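Student: The structure that follows is given in the form of structure tokens.
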Amino acid sequence: MIYITNLQDKLKLFEALASPVRLRIVELLHNGDEMNINELAKSLNLTNSALTMHIQKLSDCGLIRVRLASMARGTQKLCSLTEDKLLIELVDKMSSESFYEAELNVGQYTEYSVNPTCGLANMTQLTGELDNPQAFSYPERFTACVLWFTDGRLTYRFPNRLLTYQHAKELQLSFEIAGEAPGAVENYPSDISFYLNGIPAGVYHCPGEFFERRGRYTPDWWFTNFGQYGRIKILTINQEGTFLDGMRTGDTTLDDLHLERHEDIVFTLDCRKEKGLEENGGITLFGKGFGDYDQGIKLRLVYTQDNKPRGELV
């Protein structure tokens, strides 16, 4: 999913979609199958040279990927969509007094249990050695911009800033995530489980690790056969249930989290191997300065409130 909060940052995307031909290309690729240039040109009744310009615009904005593949009749360019959803936040309907936000770097976890392959890195270098779980305890981890592991879990703690006269309405978490495979493997799915305050909050079936192009913010020194970018995910929980990118994933509601106790909001990502799931991939988390989205793990807590008691400080 492409999550858009600033329209100016996505002018290339809007320009790319402002064409009936390019919209038709997106429709043709929407079923998830790759198509080569010849197939697309034939479907659109265009010459290959005319089609190339449209493909380039869609590729430049990150909406499709183009890869070279060796076929029986020579090398062909294969096209596919990089994302299956666009979410545009046009305006914030809530006033600044009806929600609060917090953001953690990916290295600001409070608990960890990881096994190789694993590692962390900041904007300029690796943190410790590759595949050394002990590096996850180093103080430098707080500056990490990317981390990965194939087996384990991480836990983050967000402050619960609700006051006694405020009542939670919706909790949102957004983060950029991909799978992690032991080696450079294109298709290696991961089942990544999420928990809020220890309660199951859905599973993301991630298709794999994405490294066929460099992430928009990924620094030049980063290894080409490592994960380059992820997909932004939005986990939402309200009184109706739990949702991932707007799709219902469970029946857990806000009441089950007991936020009125004013304890920390605990978020856990889990891909521990279980019997029968040894081939399940791992997790790569992208933070500021890495991947396609310049953000860490963001929390937004929407609330309603009673009349503020006299003398109460906000």
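Student: Select from the stretch 33-70 the residues that are modelled with pLDDT under 90 and over 25 Å from Leu11 (Cα atoms) and list them in ascending order.
Tutor: Scanning the stretch 33-70 gives Asp33, Glu34, Leu68, Ala69, Ser70.
Student: Could you please let me know if Arg73 is exposed (fewer than 14 other Cβ atoms within 10 Å of the Cβ), more than 22 Å from the chain's Cα centre (by Cα) and over 26 Å from Leu13 (Cβ atoms)?
Tutor: It is true that Arg73 is exposed (fewer than 14 other Cβ atoms within 10 Å of the Cβ), more than 22 Å from the chain's Cα centre (by Cα) and over 26 Å from Leu13 (Cβ atoms).
Student: Which condition from (1) surrounded by fewer than 17 Cβ atoms within 10 Å (Cβ to Cβ); (2) touching a Cys at 6+ places or on another chain (Cβ under 8 Å) is the one that Met247 breaks?
Tutor: That leaves (2) as the condition not met.
Student: Given the structure, is Leu68 surrounded by 13 or more Cβ atoms within 10 Å (Cβ to Cβ) and either part of a strand (DSSP E or B) or in contact (Cβ under 8 Å) with a residue 12 or more places away in the chain (or both)?
Tutor: So Leu68 fails the test.
Student: At least 3 residues that are assigned by TED's automatic domain parsing to the domain that holds Thr284, within 17 Å of the chain's Cα centre (by Cα) and not aliphatic (A, V, I, L, M) in each: list the strands (runs of 3 or more DSSP E) lying fully within the stretch 172-251 that qualify.
Tutor: Counting at least 3 such residues, we get 190-196, 199-206, 231-238.
Student: Would you be able to tell me the number of residues in the stretch 107-138 that are β-branched (Val, Ile, Thr) and either out of contact with any Lys or Arg (no Cβ under 7 Å at 6 or more places or on another chain) or outside the structural domain of Gly296 (by TED's automatic domain parsing) (or both)?
Tutor: Counting residues in the stretch 107-138 that are β-branched (Val, Ile, Thr) and either out of contact with any Lys or Arg (no Cβ under 7 Å at 6 or more places or on another chain) or outside the structural domain of Gly296 (by TED's automatic domain parsing) (or both) gives 3.
Student: Here are Ala201, Ala168, Ala184, Ala178: which of them is surrounded by fewer than 16 Cβ atoms within 10 Å (Cβ to Cβ), on the phi < 0 side of the Ramachandran plot and not basic (Lys, Arg)?
Tutor: Of the residues listed, the single one that is surrounded by fewer than 16 Cβ atoms within 10 Å (Cβ to Cβ), on the phi < 0 side of the Ramachandran plot and not basic (Lys, Arg) is Ala184.
Student: Considering each residue of the stretch 119-133, count those that are outside any loop (DSSP other than H, G, I, E, B) and either touching a Leu at 6+ places or on another chain (Cβ under 8 Å) or at pLDDT below 95 (or both), and give that number.
Tutor: So the answer is 4.
Student: On to the next question. Here is a check on your reading of the model: is Glu176 of a type in the set (D, E, K, R) and under 14 Å from Phe286 (Cβ atoms)?
Tutor: yes
Student: Out of Arg141, Arg65, Arg73, report the one residue that is among the basic types (Lys, Arg) and assigned by TED's automatic domain parsing to the domain that holds Leu257.
Tutor: So the residue among Arg141, Arg65, Arg73 that is among the basic types (Lys, Arg) and assigned by TED's automatic domain parsing to the domain that holds Leu257 is Arg141.
The values are calculated or read from the model by the stated rules, or taken from the named source; none is laboratory data. These numbers come from a predicted model, not from an experiment. Quick reminder, even Gly has a Cβ in these numbers, built from the backbone with ideal geometry, and neighbours come from all protein chains shown.
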